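Participant: Structure incoming, see below.
The values are calculated or read from the model by the stated rules, or taken from the named source; none is laboratory data. What you see is a predicted model; the values in this text were computed from it and never measured. Glycine also receives a Cβ, built like all others from the backbone with ideal geometry; neighbour counts cover every protein chain displayed.
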Amino acid sequence: MGTKKLAYFVLLLLTFSACAQDKNPINNKNSHEVIVSELTNPWGFVFLPDSSMLITEKEGKIIHFKNKTKKEIKGLPEIYVRGQGGLLDINIHPDYKNNGWIYFSYASPKGEEKGGNTAIMRAKIKNDSLIEKELLYKAEPNTTKGQHFGSRILFDKEGYLYFSIGERGNRDENPQDITRDGGKIYRLNDDGSIPNDNPFTNSKGAKKAIWSYGHRNPQGMELHPETQDIWTHEHGPKGGDEINIIRKGKNYGWPVITYGKNYSGTSITDETKREGMEEPLHYWDPSIAPSGLSFISSDKYGDWKGSLLVGSLKFSYLDRCEIKNGKVEKEERLLAGIGRVRSIEQGPDGYIYVGVENLGIVKLIRH
């Protein structure tokens, strides 16, 4: 093939790929300000009462950012860094100001089998080091697979702790089986004990911490600011990324129902709905590879108030979703091309902050 023909073919391919990638329009009337620079993979971050931040780096670091200075917190547990696994999300207790508890999720090698699985730990910080470390939950068994660890951490208004664990690449056994970890949303008391009213506490052999099941790899979870419902999103395979509202004891269908296909293009199932399984509120096809989720509940962004924000790892933007009558009625791309968006939080000042791989934490500015 000649040079000109090759160049034309490449241009044609790129044009087709761009059109096929994403149909959402780009909104250019926004920009960003870098608040915390030089971060590799800010998987999660949380604001402390003094407006400083605790930030997780997937490679295995907690960073305290205060007064424009970064300090690394020492004393972390052993972390299994492989593929999508490493140090993941972070959150603080609703009464952090009085008790000082922080909570984080990570891939842990603890256990008899080789590899790792998702764990939840709480600890306090003193002199830039973790103290009073308590392992609250450790998924089993370990595996050397590098995919689908989850994991987001959330407290509801009653003080219950929720977290997600992906199905660890074992779709045929884990997500539909409540006797196995993986592909679940879990609910604990803040001290790691299991609430008596969890849905499967009386089910023989069940993992008593399970709140919902049939998930693939949830990497976004947030409370709706008005209804207090738990909203999540999760990665589908090729197509079929989902937004779900999580209900007690419900089955969200993976892999029995899905809008996605195998990465090879072959079918996983011909079912997108089945009685007894929850259909998604919204799905993306093609997949955007969602990570991070937040609602805009402040007045800082005008008529964007009430919007749902979702990060796109695949296409490097922030997806703004307008929700009306329980449906996503409109989507648009913000911060288009900024990089792989990993985490999103609304700060105590009402502004939206976004963790972007190989950039840092940025503040969203609307023009």
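Table: residues versus (1) within 27 Å of Met221 (Cα to Cα); (2) part of a loop (DSSP other than H, G, I, E, B); (3) of a type in the set (D, E, K, R); (4) at pLDDT 95 or above.
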{"residue": "Met1", "(1), (2), (3), (4)": "no, yes, no, no"}
{"residue": "Phe9", "(1), (2), (3), (4)": "no, no, no, no"}
{"residue": "Leu12", "(1), (2), (3), (4)": "no, no, no, no"}
{"residue": "Cys19", "(1), (2), (3), (4)": "no, no, no, no"}
{"residue": "Glu33", "(1), (2), (3), (4)": "yes, no, yes, yes"}
{"residue": "Val36", "(1), (2), (3), (4)": "yes, no, no, yes"}
{"residue": "Trp43", "(1), (2), (3), (4)": "yes, no, no, yes"}
{"residue": "Val46", "(1), (2), (3), (4)": "yes, no, no, yes"}
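Participant: Which one of Pro225, Pro175, Pro199 is over 13 Å from the mean Cα position of the chain (by Cα) and buried (at least 21 other Cβ atoms within 10 Å of the Cβ)?
Facilitator: Pro175
Participant: Now for a separate question. With Arg122, Arg171, Arg187 as the choices, which residue is assigned to a strand (DSSP E or B) and touching a residue at least 40 places away in the same chain (Cβ under 8 Å)?
Facilitator: Every option except Arg122 fails the conditions.
Participant: Still on this model: Is it the case that the stretch 204-222 has a residue that's free of Cβ contacts under 8 Å to residues at least 24 places away in the same chain and assigned to a loop (DSSP other than H, G, I, E, B)?
Facilitator: There is at least one residue in the stretch 204-222 that is free of Cβ contacts under 8 Å to residues at least 24 places away in the same chain and assigned to a loop (DSSP other than H, G, I, E, B).
Participant: Still on this model: Given the condition under 18 Å from the mean Cα position of the chain (by Cα) and within 19 Å of Lys363 (Cα to Cα), answer yes or no: does some residue in the stretch 56-64 qualify?
Facilitator: The answer is yes; a qualifying residue exists.
Participant: A further question on this structure: Can you confirm whether Ile243 is under 19 Å from the mean Cα position of the chain (by Cα) and farther than 13 Å from Ile178 by Cβ?
Facilitator: yes
Participant: If I ask for residues that are part of a strand (DSSP E or B) and within 27 Å of His148 (Cβ to Cβ), which ones from the stretch 74-91 would you list?
Facilitator: Within the stretch 74-91, Arg82, Gly85, Leu87, Leu88, Asp89, Ile90, Asn91 qualify.
Participant: Test Ile178 against the criterion of being part of a loop (DSSP other than H, G, I, E, B), without any contact (Cβ under 8 Å) to a residue 24 or more places away in the chain and either of a type outside the set (Ser, Thr, Tyr) or more than 18 Å from Phe104 (Cα to Cα) (or both), and give yes or no.
Facilitator: No.
Participant: Continuing with the same structure: Could you check how many residues of the stretch 325-364 are touching a Phe, Trp or Tyr at 6+ places or on another chain (Cβ under 8 Å), assigned to a strand (DSSP E or B) and either crowded, with 23+ Cβ neighbours inside 10 Å or not acidic (Asp, Glu) (or both)?
Facilitator: Total meeting the criteria: 14.
Participant: Hey, any hits in the stretch 39-59 for a residue that's in contact with a His (Cβ under 8 Å, 6 or more places away or on another chain), more than 29 Å from Thr144 (Cβ to Cβ), of a type in the set (Ser, Thr, Tyr) and surrounded by fewer than 17 Cβ atoms within 10 Å (Cβ to Cβ)?
Facilitator: Looking through the stretch 39-59, at least one residue is in contact with a His (Cβ under 8 Å, 6 or more places away or on another chain), more than 29 Å from Thr144 (Cβ to Cβ), of a type in the set (Ser, Thr, Tyr) and surrounded by fewer than 17 Cβ atoms within 10 Å (Cβ to Cβ).
Participant: Would a scan of the stretch 184-195 turn up a residue that is closer than 22 Å to Val310 by Cα and either among the charged types (D, E, K, R) or within 13 Å of the chain's Cα centre (by Cα) (or both)?
Facilitator: Yes: one or more hits.
Participant: Among the residues of the stretch 117-129, is there at least one that is under 19 Å from Glu59 (Cβ atoms), among the charged types (D, E, K, R), surrounded by 22 or more Cβ atoms within 10 Å (Cβ to Cβ) and modelled with pLDDT of 95 or more?
Facilitator: No, there is no match, as no residue in the stretch 117-129 is under 19 Å from Glu59 (Cβ atoms), among the charged types (D, E, K, R), surrounded by 22 or more Cβ atoms within 10 Å (Cβ to Cβ) and modelled with pLDDT of 95 or more.
Participant: Out of everything in the stretch 228-239 that is over 18 Å from Gly85 (Cα atoms) and charged (D, E, K, R), what residue ends up being nearest to the chain's Cα centre (by Cα)?
Facilitator: Asp229
Participant: Follow-up. For the condition within 21 Å of Lys138 (Cβ to Cβ) and free of Cβ contacts under 8 Å to residues at least 40 places away in the same chain, what is the one hit in Lys70, Lys66, Lys58?
Facilitator: On inspection, the qualifying residue turns out to be Lys58.
Participant: I'd like the residue in the stretch 73-90 that is out of contact with any Ser or Thr (no Cβ under 9 Å at 6 or more places or on another chain) and touching a residue at least 40 places away in the same chain (Cβ under 8 Å) and, out of all such residues, is farthest from Met121 (Cα to Cα).
Facilitator: Gly83
Participant: Hey, another quick one. In the stretch 293-332, what residues are among the polar types (S, T, N, Q) and under 22 Å from Gly240 (Cβ atoms)?
Facilitator: Within the stretch 293-332, Ser312, Ser316 qualify.
Participant: I've got another one for you. Based on this model, can you work out whether Gly337 counts as out of contact with any Cys (no Cβ under 7 Å at 6 or more places or on another chain) and under 20 Å from Arg152 (Cβ atoms)?
Facilitator: Judged against the criteria, Gly337 is not a match.
Participant: If a residue must be of a type in the set (S, T, N, Q), within 16 Å of the chain's Cα centre (by Cα) and modelled with pLDDT of 95 or more, how many such residues does the stretch 142-168 contain?
Facilitator: 2
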